[in-house]
Amino acid sequence: MSEPGIAEKIAFIGGGQMAEALIAGLVSTHCCESDQIWATDPVAARCDTLKRLYGVRVGGTNREAAAWAGIIVLAVKPQILDGVMKEIAGDLKRALTVSVAAGIPIQTITSAGGTGTRVVRAMPNTPAMVREGMTALAIGPGVSEGGAGLVRTMFESVGKVVVVEERMMDAVTGLSGSGPAYVFLAIEAMADGGVKMGLPRATAELLAAQTVLGAAKMVIETGEHPARLKDKVASPGGTTIAGLHRLEVGGVRATLIDAIEAATKRSQELGR
């Protein structure tokens with residue numbers, strides 16, 4: 001089934017990896033035509049790449065792109081967001097604004113745009129680049145049901161979407177926003193273990209990556225608790241329970257929990 005179309009023009013302020021993932025998803029699923037999208041970036045080569053790959057409008061100033069659009073996507077680093085918002089403040093108030101800047105509260109953006117500014121805060125993750133992303137949305141005051149639906153459609157073009165209260169967004173950042181890096185580390189370590197035991201590097205990496213992909217799909221599609229799925233693999237006195245014992249001795253479970261807590265706290269710091 002094809003995605004419903006988005007009639008609004010969309011300006012991406014910032015043309016980095018996440019902006020590109022969204023542009024690719026929107027164009028490939030026919031949510032938007034390429035001429036409905038304008039992307040800006042200070043690096044000319046980045047603009048050239050987006051134009052060549054997706055046929056979207058590029059270049060010009062942030063103000064020109066924002067004035068043209070009905071939806072403005074703030075896809076810049078949190079550290080430079082303040083300057084960008086000052087540049088396009090008038091259009092923030094007019095258009096529906098979507099922010100993917102980690103840790104930045106909705107209130108910060110509505111204050112920059114002024115009373116009546118409508119904001120949806122989004123936290124996608126990098127698997128959006130292969131249309132397997134996980135995005136959490138927090139809907140700001142004044143955003144209509146239709147507006148929220150448009151934003152949801154945008155992010156569903158690159159994966160799954162959940163709507164949460166904004167107070168949960170820092171924890172979302174710590175879990176799914178930063179989470180791909182934890183999984184990449186686990187895949188690398190699993191592959192290293194295979195190499196240590198004699199497997200060729202390429203074979204070990206494929207075995208590890210596909211195992212993670214398949215296990216994740218089982219959790220989503222079966223709806224079973226991960227602990228129950230784990231127990232089904234671990235037969236009495238077998239290889240898996242021996243491996244699980246070593247993971248518990250190494251504190252893997254507690255370390256992952258600590259990693260998510262640390263990333264959540266850093267997200268909170270960025271928002272202050």
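The values are calculated or read from the model by the stated rules, or taken from the named source; none is laboratory data. The model shown is predicted, which means the values in this text are computed figures rather than measured ones. Heads up, the Cβs are rebuilt from the backbone with ideal geometry, glycines too, and the neighbour counts pull from every protein chain shown. To get the accessible areas, we keep the full protein, side chains included, count just its heavy atoms, and leave off ligands, DNA and RNA. Shrake-Rupley method; radii C 1.70, N 1.55, O 1.52, S 1.80 Å.
Mind checking the full-extension length gain between GLU261 and MET218? Use 0.36 nm per residue of separation minus the Cα-Cα distance, one decimal, nm.
Gain on stretching GLU261 to MET218: 12.9 nm.
Sort the following peptides by mean Cβ neighbour count (other Cβ atoms within 10 Å, averaged over residues), highest first: 183-189, 204-210.
Listed from highest to lowest mean packing, they are 204-210, 183-189.
Over every pair of different alpha-carbon atoms in the chain, take the mean of 1/r and invert it; report that Kirkwood radius in Å.
20.3 Å
Could you work out the relative contact order of the chain? I mean the mean sequence separation of Cα pairs under 8 Å and 6+ apart, divided by the number of residues, in percent.
Averaging sequence separation for qualifying contacts and normalising by length gives 16 percent for the chain.
Residue by residue, what Karplus-based ³J(HN,Hα) values in Hz, rounded to whole numbers, does region 105-114 have, using 6.51, -1.76 and 1.60 with θ = phi - 60° and x for Gly and Pro?
My calculation for region 105-114 gives x, 4, 4, 4, 7, 5, 5, 5, x, x Hz in order.
Applying the Karplus parametrisation 6.51 cos²θ - 1.76 cosθ + 1.60 with θ = phi - 60° to the phi angles of region 210-219, what ³J(HN,Hα) value in whole Hz is obtained for each residue in order, glycine and proline being reported as x?
5, 5, 5, 4, x, 5, 4, 5, 5, 4
Between LYS230 and ALA202, 0.36 nm times their residue separation minus their Cα-Cα distance comes to what?
So the chain would gain 7.5 nm between LYS230 and ALA202.
Roughly speaking, to the nearest percent, how much of region 105-221's 1.4 Å accessible area is carbon and sulfur?
The computed percentage sits at 64.
Mind checking which of SER34, SER157, SER111 has the largest fluctuation in a GNM of the chain, springs on alpha carbons under 10 Å?
SER111
Report, by chain and number, residues whose modeled amide H sits under 5 Å from the one on ALA136, excluding near sequence neighbours (fewer than 5 apart, same chain).
MET123, VAL162
Highest GNM mean-square fluctuation, the chain, Cα pairs closer than 10 Å: which of GLY194, GLY15, GLY142?
GLY194
Within the chain, how many Lys pairs that are eight or more residues apart, or on different chains, come under 19 Å at the alpha-carbon?
Total qualifying Lys-Lys pairs in the chain comes to 7.
Rounded to whole Å, give me the distance from the Cα center of region 167-187 to that of region 38-60.
29 Å
Report the charge-dipole magnitude of region 71-125 in Debye, nearest 20, computed about the Cα centre from +1 at each Lys and Arg Cβ and -1 at each Asp and Glu Cβ.
100 debye
³J(HN,Hα) across region 230-237 via Karplus (A = 6.51, B = -1.76, C = 1.60, θ = phi - 60°), whole Hz, x for Gly/Pro?
Rounded to whole hertz, the list is 4, 5, 5, 7, 8, 7, x, x.
With the cut-off at 1.5 for a/c, could you classify region 124-272 from its C-alpha gyration tensor as rounded, prolate or oblate?
It comes out prolate by the Cα gyration axes.
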